[in-house]
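Here the structure comes first, spelled out in structure tokens, and everything after it is commentary.
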Amino acid sequence: MKKNILFFGDPGIDDTLAIIYALLHPNINLVGIVAGYGNVTREQTAKNTYYLLDLANRKDIPVIGGAIRSVVGESGIFYPEIHGEDGLGPIQPPESFAKDLNAFDDIYKIIDKYPDVTIVDVGRNSSLATAFTLDDKSMEKVKEIHIMGGAFLVPGNVTPVAEANFHGDPVSTNIVLARGNHVTIAPLNVTNYAIIKPKTIDFIATNMQPPFGALIKPIFDYYFQAYQKLIPGIEGTPLHDVFTLWALMNPKSVQKVTKQVNVVNDNASKGLSIADFRAKPVIQPNIKFQDIILKFNYKAFVEDFTTTLLNHY
Ligand code: RIB
Ligand code: CA
């Protein structure tokens, strides 16, 4: 049976590859995309999403307007050197894709329509936290949430201690962790190693069916050049957001620990993700637990990514 997935993201190159992975996956039914600010502005992530869905001839998938800034009113910090000025590396979707977005309330309509829906959030958590703030009764119906974010006892990527998604809006991340049912976190501990190499992309781009073949190579190459500057000698690019979906679809290929997670929101260590990894952790009363993915089968990831992208569309 197909998994119904409501996707929150900020496309963004790795978000884009995650959406393509979802569209091509035989067991995923993408029931909506909430486009929020993050890698670029909300205006641009929405445009990129419409562009992708048009390319895929999947105009039936609703695009919902997510947050334009954090819940405490901070504007996003963008990273054009990694994702490009418009979020798709060298590709600039035409202005015609700047379309009206579906209303935020449609999130609840989707949850009602698909009672088994799984939420995946691979961007700043501002939109998802807002969904809880506006209607926590509807959100209570969601049994499973998977988020990409955090870095546990390892370096961050946007500050020495923080990963970009958790750093962007720690207040929102804490809302999602406090309210969400069965939250699974894919942190940098694993996503940094979910590396796809240029030879794999070349193979996929050459053998892939239309419509994505012409898109994935230029966006990957842009992303790879950026990563080579960040981490000299790196052999490919980590696909953080693809990993999050892959882990959800391949639970036997990952190893998790269950912890109570909190994200710091002060100046010096904003976005730092904390869990008690001591031999005898202190359990906080009345606080939810989350699953944190800490290990995965790399070979299985690369094989599944390749096979999925080569699926007939
Ligand atoms: O830290 C990696 C995350 O930040 C990914 O979701 C990427 O798309 C960026 O938003
Ligand atoms: Ca993202």
>> Which one, 156, 39, 215, is farthest towards the positive end of the dipole of the chain when Lys and Arg carry +1 and Asp and Glu -1 on their Cβ?
In response: 156
> Got a number for the accessible area of residue 140? Probe 1.4 Å, square angstrom, nearest 10.
Replying inline: 100 Å²
> Largest first, what is the accessible-area ranking of 278, 124, 58, 69 with a 1.4 Å probe?
Replying inline: 278, 69, 58, 124
> Which three lengths, in whole Å and largest first, does the range 45-192 cover when its Cα atoms are put on their principal axes?
Replying inline: 44, 40, 29
> What's the lysine pair count for the range 156-313 at a Cα cut-off below 23 Å, pairs eight or more apart or interchain?
Replying inline: 22
>> If you count only protein heavy atoms with a 1.4 Å probe, what accessible area per residue comes out for the chain, rounded to a whole Å²?
In response: 43 Å²
> Calculated from DSSP H runs of 4 or more alone, at -39500 (n - 2.57) each and per residue, what is the 222 nm mean residue ellipticity of the chain, nearest 500?
Replying inline: -11000 deg cm²/dmol
>> What figure, in Å² to the nearest 10, do you get for the accessible area of residue 249 with a 1.4 Å probe and non-protein molecules left out?
In response: 40 Å²
>> From the P(r) of the chain, could you give the percentage of C-alpha pairs in the tail past 31 Å?
In response: 22 percent
> Can you list the residues, at least 5 places off or on another chain, whose amide H is less than 5 Å from the amide H of residue 28, using H built in the peptide plane?
Replying inline: 3
> Highest mean first, what order results for 159-167, 26-34 on Cβ atoms within 10 Å?
Replying inline: 159-167, 26-34
> From the residues 308, 171, 268, which one has its Cα farthest along the dipole of the chain in the positive direction, the dipole being from +1 and -1 charges on Cβ of Lys/Arg and Asp/Glu about the Cα centre?
Replying inline: 308
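About the Cα centre of the chain, what is the dipole size in debye to 20, counting +1 per Lys and Arg Cβ and -1 per Asp and Glu Cβ, all else neutral?
Value, rounded to 20: 880 debye.
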> ³J(HN,Hα) across the range 302-307 via Karplus (A = 6.51, B = -1.76, C = 1.60, θ = phi - 60°), whole Hz, x for Gly/Pro?
Replying inline: 5, 5, 5, 4, 5, 4
> Carbon and sulfur together cover what percent of the accessible area of the range 3-309 at a 1.4 Å probe radius?
Replying inline: 53 percent
> In the chain, what % of DSSP beta bridges are antiparallel (nearest 5)?
Replying inline: 30 percent
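The values are calculated or read from the model by the stated rules, or taken from the named source; none is laboratory data. No experiment lies behind these values; they were computed from the predicted model shown. A quick note on method: Cβ atoms are made from the backbone with ideal geometry, for glycine too, and the neighbour counts reach across all protein chains shown. Please note that ligands, DNA and RNA were not included when accessible areas were found on the heavy atoms of the full protein model with its side chains. Shrake-Rupley method; radii C 1.70, N 1.55, O 1.52, S 1.80 Å.
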